[in-house]
1. State the percent of C-alpha pairs, over all pairs in region 1-88, separated by a distance greater than 21 angstrom.
2. If I fit a long axis through the Cα atoms of helix 35-53 and take the longest principal axis of the Cα atoms of the chain, what angle between them do I get, 0 to 90°, rounded to 10?
3. Output needed for region 77-147: three equivalent-ellipsoid semi-axes, defined as square roots of 5 times the C-alpha gyration tensor eigenvalues, in descending order, whole Å.
4. Using the Cα atoms of the chain to build a convex hull, what is its mean projected area in square nanometres?
5. Between Trp19 and Ala121, what FRET efficiency comes out of the Förster formula 1/(1 + (r/R0)^6) with R0 = 22 Å and r the beta carbon distance, rounded to 0.05?
6. Relative to the longest principal axis of the C-alpha atoms of the chain, give the angle of the C-alpha long axis of helix 5-15, reported between 0 and 90° and rounded to the nearest 10°.
7. Quick one: check the C-alpha center-to-center distance for region 1-48 versus region 99-117, whole angstrom.
8. Where Lys and Arg each count +1 and Asp and Glu each count -1, what net charge lies around Ala51 among other residues with Cβ under 13 Å from its Cβ?
Amino acid sequence: MAMSAKHELQRDLIALAGWPFYLLAFVRLLIGVNELAGLRLLAAALLFGAARLLKISYSFRAASSIVLAVIISDHYGVTGFTIIAAVALLGIAWSLFALEERGRVLRGFLIGLIALGAVYALVNEPWLTSVTAWLKQLFLPVVERLG
């Protein structure tokens, strides 16, 4: 049975919000490009995991799509990219509402918004500076002894 072009497009859009794409974005940001944004994606993923542990039924793709769109748009800081990310987010939302249970999708977007608020409040430049200083203090003596 042939899949309609609309259904295929919806599935392709949803794939942009899956774990493989999330992992690729995380690794790309973390390896020297923008560690702060990478750590924000990691913190959001930990919050998604906590929601699962609390047995909250939500659409991960809804939560991750909004987190990815905002954090990556913030990273690039270019209006054109932000517009493209917003259009992609709208397409993902359209697809999710068509293919998944509405309540799970709404809870997913809500969890994504909560995660965004939390990571932008907690994972910021002073935090990154203090964590980096702590790690240097912890590991520098070991590296010097090996060195």
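1. 37
2. 60
3. Square roots of five times the eigenvalues give 40, 16, 12 Å.
4. 11.8
5. So, using R0 = 22 Å, E works out to roughly 0.35.
6. 20
7. 15
8. Surrounding charge for Ala51 is +4.
Every read-out reported here was derived from the displayed coordinates using simple, explicitly stated rules and does not represent laboratory data. As the structure is a prediction and not an experimental result, all values here were calculated from the model. Cβ: placed from backbone, ideal geometry, glycine included. Neighbour counts: every protein chain shown.
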